[in-house]
Every structure is written in C-alpha cells, then in structure tokens.
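What follows draws every value from the coordinates through simple rules; no lab data is involved. Treat the numbers as computed from the prediction; the structure is a model and nothing was measured. All Cβ positions, even for glycine, are placed from backbone atoms using ideal geometry, and neighbour counts span all protein chains on display.
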Amino acid sequence: MSDHQVPSLEDTETTLGSLGPRVFAVSALVGVIGLAATIGLGLGEGDGFRHFGFSYLTNFAFFLSISLGALFFMPIMYVTRASWNVVMRRLAEVTAAVMPLMAVLAIPVIIFAGQIYGWADPEVAASHGMSHKAAYLSQNMFILRWVIYFAIWTGYSWFFWKTSVKQDSTRDVALTRRLENYSGFALMVCALSLAAASFDLLMSIDPLWFSTMFGVYYWAGGFVTFFAVMTLFTLGLQNSGRMRGIVSPEHFHDYGKAMFAFTFFWGYIAFSQYMLYWYANIPEETHWFLVRSQNGWGEVGLILIFATFALPFAGLISRYAKRSRKMLAFWAFWIIIAQWINLYWVVMPQFSESFIISPMDVTAFFGIGGLWLAGITKLAMGNSLVPSGDPRLEDSLRFENA
Amino acid sequence: MSTNAKQGALYGLLTEFESPSLLMEAVEKVRDEGFKKWDVHTPFPVHGMDDAMGIRGTNLPFLVLGGGLTGLGLATLMQWWMNAVDYKFVISGKPLFGLPAAFPVMFELTVLFSAFAAFFGMWILNGLPKWYHPLFTNKRFRRATQDRFYIVVEAADPRFKLEETRSFLASLGGNVVEEVNESPED
C-alpha cells in the first residue's frame with residue numbers, strides 16, 4: 001500500500017481468452033453427462049420419474065437461486081450508486097444473464113410437475129384446504145406463471161448486462177444514469193416475481209402449507225450463495241492469471257462482509273419462520289416442520305443450524321478471515337454446500353418421510369451446475385471481464401475499506 | 001480552562017503540509033523513526049494512511065465480542081431463571097424454558113451489549129470523554145478542517161527530545177514547526 005499507484009486494467013489480463021473455450025467445453029461435457037446419468041438413474045428407479053423430479057428440482061432451485069442473487073445484486077449496486085463492486089460486476093452480470101438457459105432447464109420441472117407437486121394430485125386438490133387455491137395452483141396457471149417469471153428475469157438481466165457491455169466501448173455516462181433510473185422499479189418487480197416463484201417452485205410441493213416468509217427465505221439463501229460463488233469465480237480467475245492486481249484484498253473483504261451479513265440474514269429469516277409456527281402451534285402450519293424434524297430429517301435440520309448459520313458466522317466474523325484468500329475460499333465452498341443441504345431439506349422430505357439420499361442428487365448437481373457454468377462462460381467470452389467503460393471503475397480500483 | 005495548573009506546559013510539536021502526497025512521505029519517515037505517541041490530522045480521510053502510520057489493529061473487536069457473549073449469557077440465564085425457576089407458569093403448553101421463545105431476547109441482548117461495548121470501549125480506548133484538546137490552543141491548527149495537513153508528535157513520546165525532534169520535523173519538508181502548549185498562554 002506504500003506505493004500510491006492506482007492499478008490499471010492494462011497491467012493484467014481482463015478477458016477469458018483461451019481459458020473460455022476450455023472451461024466451456026469441460027463444464028458443458030460434465031453437464032451433459034451429469035444430466036444423462038440423472039435421467040438413467042431416474043429411469044432405473046421405476047417410479048415414473050418421481051424421485052428424478054425431486055432431485056432435479058433441488059438442484060434447479062439451487063442454481064436458479066444463485067442467478068437470482070446476481071439479478072438482485074446489480075440493481076442494488078445501481079440504486080445505491082456503489083462503486084466498490086464495479087471491477088467485479090461483469091461476473092455478476094453474466095451469472096444473471098444465463099436466465100434463458102435456466103428457462104430451458106425449467107422445462108423438466110414443468111413436465112414432471114404432476115409427479116412433484118401436491119396440487120397435481122386429484123385427491124389433495126379435492127381436499128378442503130385446497131378449495132381457495134385450486135384455481136391458482138393448476139397446471140396451466142403454473143406454466144403461465146413460469147413464462148412470466150422468466151420473461152421478467154431474462155428481460156432485466158439482459159438489459160443490465162447488454163447496457164453494461166455497450167458502455168465498454170461508448171464510455172457513455174448516460175447509460176449508467178439509465179440503469180440507475182430503472183433499478184428501483186427492477187428491484188420491486190424482481191422481488192415480487194421471486195417471492196411468487198419461490199411459492200411455485202418449492203412451497204407448493206406441499207400445497208396445504210404456507211409461509212409468508214418463504215420468498216425471503218429462498219432469496220436469502222440464494223443471495224449468500226451468490227456472494228460465495230462470486231468470491232470463487234474471482235479467486236479462480238486470479239489464479240489463472242486474470243484480473244490480478246485490480247481486484248485487491250479490499251474487494252474480497254467486502255465479499256467476505258456480504259457473506260457474513262447474509263449468513264446471519266438467512267439464519268434470522270429461517271429462525272423467524274420456524275419460531276412463529278412453533279409458538280402458534282397450529283397443526284396446518286406445523287406439519288411442514290413436523291415432517292422435517294422426524295425420521296432422520298431432524299438431524300439434517302440440526303446440522304443446518306450449525307452448517308449454514310453458526311459455523312460460517314463464527315468463521316467469518318474476524319477481519320483477518322475476510323481478507324485471507326484461503327479462509328475466504330474455504331467458507332465460500334462451505335456456504336455453497338450448506339445452502340445446497342438447506343434446499344435438499346426443503347424439497348426432499350416431501351418425497352420421502354424418512355431420510356434419503358441418492359446418487360441422482362449428485363449427478364443432477366453436476367448436470368445442471370455444469371450447463372449453468374457453461375452458459376455463464378459462454379456469455380463471458382468475447383467481452384472484457386471488467387466493465388471497462390463504467391464511470392465508477394476508477395473509484396472501484398482505488399477502493400479501500402476505511 | 002485557562003486556570004489549568006499545567007499552563008504553558010509543552011504538549012508536543014506540530015508541522016504543517018500543503019498536500020496529502022507531501023504528508024504521506026513525511027508520515028512514513030515519522031513512523032520509521034520509531035515514534036509511538038503521534039498523530040496525523042487531515043481535512044478528509046486519506047487512503048492508505050493507517051499503513052503509512054503503521055497503526056496496528058485495535059483491540060475493540062475483542063471488547064465487542066466479550067460484550068456480545070456477556071449479553072447472550074445474561075439473556076439466557078435471565079430467561080431461564082425467570083421462567084423455569086422463579087415464576088413457573090405454563091404458557092400455551094410450551095416447555096417452561098423453550099429455546100425458540102428465548103432466542104429473540106438472546107439476540108437482542110447480544111446486539112445491545114455488543115453495541116455498548118463498541119460505543120463505550122471506543123471512548124475508553126480514545127481517552128474520552130475529554131472536554132478539551134491541547135491542539136485547540138494552536139491558531140494554525142484550525143486549518144486542519146479546511147486545507148492543511150498536520151503531523152503532531154507528543155512530548156510524552158519516549159523518543160521525544162525537544163531540539164532533536166524539532167529539527168527532525170523541520171527536515172520533513174513541512175511549512176513550519178510549532179510548539180503546542182497544553183493550554184493557551186493568554
């Protein structure tokens with residue numbers, strides 16, 4: 001720090017270059033093999049793809065939540081006119097802009113909705129608790145809503161990404177102003193659509209259960225995972241010789257702070273959801289937690305308290321941990337795995353009342369994750385990895401935590 | 001203030017700079033000279049100053065951690081004693097001491113005691129409350145909030161020797177070196 005030079009983009013590699021096609025090929029291959037293996041294993045179950053549907057849904061919801069986290073990150077940075085993140089923002093832009101691929105990957109969830117969702121079961125649909133929900137929770141409405149969600153998310157993510165890429169060459173400040181003007185409304189629309197989507201995607205597996213907090217619960221998990229993924233992307237690029245010098249411990253420190261803060265936020269939301277139902281003790285509300293506290297799922301829930309909340313909270317509390325590349329990478333990996341377990345615990349007890357884990361869960365993880373990463377890599381190729389025309393870039397390069 | 005017994009006693013030496021870059025170079029020299037009781041005053045935050053001054057991390061986080069743990073423990077004990085020992089009363093079939101019900105208060109007291117520790121710990125570490133600072137006696141120093149940058153070495157520093165330190169500070173390239181008294185002379 002004793003040299004008071006501002007790091008320059010010219011001192012480092014800021015494109016994916018030869019790394020792009022390699023990462024794309026490997027992750028696409030892993031994705032295709034993973035999905036093929038999942039389908040094969042699902043066929044082998046002989047249950048009409050029911051188990052396959054739940055494994056697929058868990059992993060689809062997981063990677064979608066990360067891209068949705070990225071989709072929220074950009075407008076938040078614009079409405080607050082923040083500059084610290086600018087040097088890493090392109091990575092968030094492409095992580096969100098992979099949305100059309102996620103729309104394609106949503107098709108199996110829609111095809112197998114009849115196997116996954118309780119409301120598709122005529123017996124459940126005829127029950128008393130469903131009488132007011134039947135019109136909303138129906139096959140056609142479900143498909144229509146997913147078309148709307150992905151139209152909104154694709155529209156906004158491509159708007160933010162494309163505008164930012166355009167700025168690389170034009171350096172036009174008006175483009176930043178434009179994004180700032182749209183960001184407030186974008187946040188509202190995305191928040192509402194994400195909450196509704198979380199109800200459709202995860203909560204309506206058990207259509208009789210309801211939680212007004214569920215949207216925030218899903219979002220909080222996705223947002224903390226997004227910061228963990230950004231940390232690993234940036235560290236990985238630096239290890240390959242890219243973005244060196246321009247992304248400093250100061251920037252990683254902020255990602256560490258975000259991971260720390262949203263680890264706690266997730267814990268706060270998850271506990272609030274639990275405590276209200278525990279205290280009121282009304283059967284139609286508590287049965288969701290009852291299933292998840294018995295037959296092995298209760299142990300998973302206990303693990304969650306420590307794995308997703310207490311341990312990363314303690315591990316990331318110190319400034320030293322947030323500025324150490326190794327510790328940050330460790331906790332980023334940890335958070336990703338822990339949040340995956342969280343979604344597994346949300347989805348799977350609806351498939352089996354006693355604890356179950358199958359190779360399909362892992363193959364589906366690599367299947368969807370591989371294609372997701374291949375999509376992100378494809379979008380990142382060809383353009384700079386840094387929004388080089390952003391008027392706040394220099395501020396970002398000079399950034400220091402006070 | 002003017003009736004202070006130490007009237008006229010030397011607080012330290014002050015030197016003035018006109019730009020952050022001149023200041024930074026001088027600051028590093030003062031740090032390398034081994035002074036401990038000294039400070040830098042600028043009209044705005046100067047990035048990299050902590051490193052240039054060689055300021056080590058503060059102990060405040062440990063005070064805050066201690067405060068937080070105290071709050072957490074106190075809240076747990078308090079609720080356990082009130083609900084499960086002192087005044088046993090079954091409410092809507094819950095256990096006398098149910099952890100989920102106790103968590104909100106545990107959380108709030110953790111935050112409250114952490115905040116107390118951070119706020120009052122900061123006072124103690126900074127030597128506050130202090131109604132008056134010797135630097136206010138110096139008329140030149142008023143520009144510290146406008147457009148000048150100052151290094152002040154305290155007379156209480158073990159390495160401080162009036163004439164040697166004065167010539168050392170003069171060699172840093174500042175505008176002037178002035179003595180600062182504990183209280184105003186007039």
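Which value at 222 nm does chain B reach when only helices count, each DSSP H run of 4 or more adding -39,500 (n - 2.57), with the total divided by all residues and rounded to the nearest 500 deg cm²/dmol?
Values: 5 runs with 77 residues, N = 186.
Calculated mean residue ellipticity at 222 nm is -13500 deg cm²/dmol.
Note on B:Arg148, A:Arg319: ascending count of other Cβ atoms within 10 Å places them as A:Arg319, B:Arg148, the fewest first.
Among the residues of B:65-73, the average count of other protein chain beta-carbon atoms within 10 Å of the residue beta-carbon is 0.
State whether the range A:230-273 is rounded, prolate or oblate according to the following rule on the C-alpha gyration tensor (a ≥ b ≥ c being the square roots of its eigenvalues): a/c under 1.5 gives rounded; otherwise a/b larger than b/c gives prolate, and the remaining case gives oblate.
On the way: a/c = 6.68, a/b = 2.85, b/c = 2.34.
It comes out prolate by the Cα gyration axes.
Dipole orientation for chain B: of the candidates B:Tyr150, B:Ser171, B:Thr58, B:Thr58 has the Cα lying most toward the positive pole (charges on Cβ; Lys, Arg +1; Asp, Glu -1). Using +1 at the Cβ of each Lys and Arg and -1 at the Cβ of each Asp and Glu in the protein assembly as shown, identify which of A:Trp119, B:Phe97, B:Thr70 lies farthest towards the dipole's positive end. Final value for the positive-end residue is A:Trp119.
Measuring gaps between exposed loop sites in chain A (chymotrypsin sites (Phe, Trp or Tyr not before Pro); DSSP loop; at most 16 other Cβ atoms within 10 Å), the longest gap, sites not included, is A:211-354. Here's the list of lysines a cross-link from B:Lys36 could span, going by alpha-carbon distance under 18 Å and ignoring same-chain residues fewer than 8 apart: B:Lys161. Here A:Lys378 is the anchor, and the lysines within straight C-alpha reach of less than 26 Å, apart from those fewer than 8 places off in the same chain, are A:Lys162, A:Lys166. Under the convention that each Lys and Arg Cβ holds +1 and each Asp and Glu Cβ holds -1, the size of the dipole of the protein assembly as shown around its Cα centre is about 320 debye.
Only one residue of B:Thr110, A:Phe351, A:Gln273 has its Cα farthest out toward the positive end of the dipole of the protein assembly as shown, where Lys and Arg carry +1 and Asp and Glu -1 on Cβ, and that residue is A:Phe351.
Restrict the search to the range A:122-205; then list the trypsin sites (Lys or Arg not before Pro) that DSSP places in a loop and that have at most 16 other Cβ atoms within 10 Å of their Cβ.
Values: sites: A:Lys133, A:Arg145, A:Lys162, A:Lys166, A:Arg171, A:Arg177, A:Arg178; in loops: A:Lys133, A:Arg171.
Listed in order of number, the matching sites are A:Lys133, A:Arg171.
In terms of surrounding Cβ atoms within a 10 Å radius of their Cβ, A:Thr176, A:Thr263 rank from fewest to most as A:Thr176, A:Thr263.
Could you state the per residue volume, in Å³, of the convex hull enclosing the Cα atoms of the protein assembly as shown? Intermediate values should be presented prior to the final figure.
Numbers: hull volume 111.7 nm³, N = 588.
Taking only Cα atoms, the protein assembly as shown has a hull volume of 190 Å³ per residue.
Holding the Cα-Cα limit at 32 Å, pick out from B:Lys29/B:Lys130; B:Lys29/B:Lys139; A:Lys322/B:Lys130 the pairs that are longer than that.
Numbers: B:Lys29/B:Lys130 30 Å; B:Lys29/B:Lys139 26 Å; A:Lys322/B:Lys130 34 Å.
Distance filter (> 32 Å) returns A:Lys322/B:Lys130.
Its relative contact order, with pairs defined as Cα atoms under 8 Å and 6+ residues apart, puts chain A at 37 percent.
Cβ crowding within 10 Å, taken as a proxy for footprinting-reagent exposure, orders A:His128, B:His41 from fewest neighbours to most as A:His128, B:His41. Put the Cα centre of the range B:149-186 next to the Cα centre of the range B:55-126 and the gap is 46 Å. Converting phi to 3J(HN,Hα) with the Karplus coefficients 6.51, -1.76 and 1.60 and the offset θ = phi - 60°, the range B:74-83 yields 4, 5, 5, 4, 4, 5, 4, 5, 5, 8 Hz in sequence order, with x at every glycine or proline. Thinking of chain B as a set of Cα atoms, what percent of all their pairs are more than 19 Å apart? Here the long-distance tail beyond 19 Å is 70 percent of all Cα pairs in chain B.
Partners of A:Lys133 within straight-line reach, counting aspartates and glutamates whose Cα lies under 20 Å from its Cα and excluding those fewer than 8 residues away in the same chain: A:Asp121, A:Glu123, A:Asp200, A:Asp206, A:Glu284, A:Glu285.
Before rounding to the nearest 500, sum -39500 (n - 2.57) across all DSSP H runs of length at least 4 in chain A and divide by the residue total; then give [θ] at 222 nm in deg cm²/dmol.
Details: 18 runs with 282 residues, N = 402.
So the helix-based figure for chain A works out to -23000 deg cm²/dmol.
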